[in-house]
1. What is the residue count in the range 43-90 for residues that are more than 13 Å from residue 152 (Cβ to Cβ) and either free of Cβ contacts under 8 Å to residues at least 24 places away in the same chain or among the hydrophobic types (A, V, I, L, M, F, W, C) (or both)?
2. Going residue by residue through the range 76-91, is there one that turns out to be of a type outside the set (Ser, Thr, Tyr), under 19 Å from the mean Cα position of the chain (by Cα), closer than 17 Å to residue 132 by Cα and surrounded by fewer than 19 Cβ atoms within 10 Å (Cβ to Cβ)?
3. Among (1) at pLDDT below 95; (2) more than 20 Å from residue 53 (Cα to Cα), which single condition is residue 124 missing?
4. Can you name every residue in the range 52-75 that is more than 15 Å from residue 119 (Cβ to Cβ) and either surrounded by 21 or more Cβ atoms within 10 Å (Cβ to Cβ) or among the acidic types (Asp, Glu) (or both)?
5. Give me a count of the residues in the range 92-108 that are under 12 Å from the mean Cα position of the chain (by Cα) and either more than 21 Å from residue 54 (Cα to Cα) or assigned to a loop (DSSP other than H, G, I, E, B) (or both).
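The values are calculated or read from the model by the stated rules, or taken from the named source; none is laboratory data. Since we're looking at a predicted model, the values are computed, not measured. In this analysis, Cβ positions are derived from the backbone assuming ideal geometry, glycine residues included, and neighbour counts consider all displayed protein chains.
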Amino acid sequence: MARNRVRMTLKTTAAALAVGAGMMAVPGVASADATDDYPIPNRILKTPCTAQQIMLAARDVEPVYFERYMIDYKNKPADVQQGARDRINWFFSLDYAGRRQYSENMATNAFYESMSWKWPNWAKVFFNNKGVAANTTDVCQNYPDDPNIWNW
């Protein structure tokens, strides 16, 4: 009788531990949001520079990234090129709160940015690399807002 009680207690304890371990292994409800550096680096969110100033800085301090971006840009149809220019200039016209909200929308809604469906890397030189963002925002104010950079 006592032996059966011990056996039953051990089985009950083992079952409870198994259920507890299983509950811990199940992930919680996922929630996505933007962080200070995702999907857009915080330095880009806070910079007073324009898109053209960022590009001029990238040309000089991150030439490989700039060149890859411009090669990709030049391989797009004219309407996509114009759309990318318009959209990135619109982004840089926003204040910090607007840019932060845009970043949040990008992180939580895959369909938010329609430009990404036409050209997935349309903002790569601006958004996708914290190192490039840091290097370009350090010096971008030393450059003019020259739209001729798009004619590389």
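1. 17
2. no
3. (2) is the only condition that residue 124 fails.
4. Result: 52, 53, 54, 55, 56, 57, 58, 60, 62, 66, 67.
5. So the answer is 4.
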